Amino acid sequence: VQLQASGGGLVQAGGSLRLSCVVSVSLFSLGTLAWYRQAPGKERELVAYIKGGSTTYPDSVKGRFTISRDNAKNTVYLQLNSLKPEDAAVYYCNAETAGRGYIWGQGTLVTVSS
């Protein structure tokens, strides 16, 4: 299983980005799909996950970020709205596999200018 994240870039505070994570297998073969982020000097943190039809977000991004999936395209998205400088980080997608544990994508960098 391979995950390829993309869509990061430089955006002004208040702006939006959509991150994509293309998965090499059918999403139906996977369990929880998630996005994490890691800022310099900080621990990696969960920002969204989707399991079946349910989504969960921490308070820090709730109402601003949206995780979604396109099963036909084997792709997981993370829509980032109302971005803040503190949202700047490398964003990673993550997938729960059957028997192989959790798989990480390579990360995509989001930079937010104030």
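Pick out which of ALA95, ALA13, ALA34 has the largest mean-square fluctuation in a Gaussian network model of the chain, springs linking Cα atoms closer than 10 Å.
ALA13
Sort PHE65, PHE28 from largest to smallest accessible area, using a 1.4 Å probe on the heavy atoms of the protein chains.
If we order PHE65, PHE28 from most to least accessible, we get PHE28, PHE65.
Which of PHE28, TRP104, GLY63 sits farthest toward the positive end of the charge dipole of the chain, with +1 on the Cβ of Lys and Arg and -1 on the Cβ of Asp and Glu?
Value: PHE28.
At what distance in angstrom do the alpha carbon centres of region 1-75 and region 77-91 lie from each other?
10 Å
For a test of the definition: using alpha carbon positions, the gyration tensor, and the 1.5 limit on a/c, classify the chain as rounded, prolate or oblate.
Prolate shape, in that a/c is at least 1.5 and a/b is the bigger ratio.
Taking amide hydrogens as modeled 1.01 Å from N in the peptide plane, which residues meet the under 5 Å criterion relative to VAL25, leaving out close sequence neighbours?
For VAL25, whose amide H was placed from the backbone, the distant partners under 5 Å are GLN2.
The values are calculated or read from the model by the stated rules, or taken from the named source; none is laboratory data. If you're wondering where the values come from, they're calculated on a predicted model, not measured in any experiment. Note that each Cβ is placed from the backbone with ideal geometry, even for glycine, and that neighbours are counted across all protein chains shown. Calculation scope for accessible area: heavy atoms of the full protein, side chains included, ligands and nucleic acids excluded. Shrake-Rupley method; radii C 1.70, N 1.55, O 1.52, S 1.80 Å.
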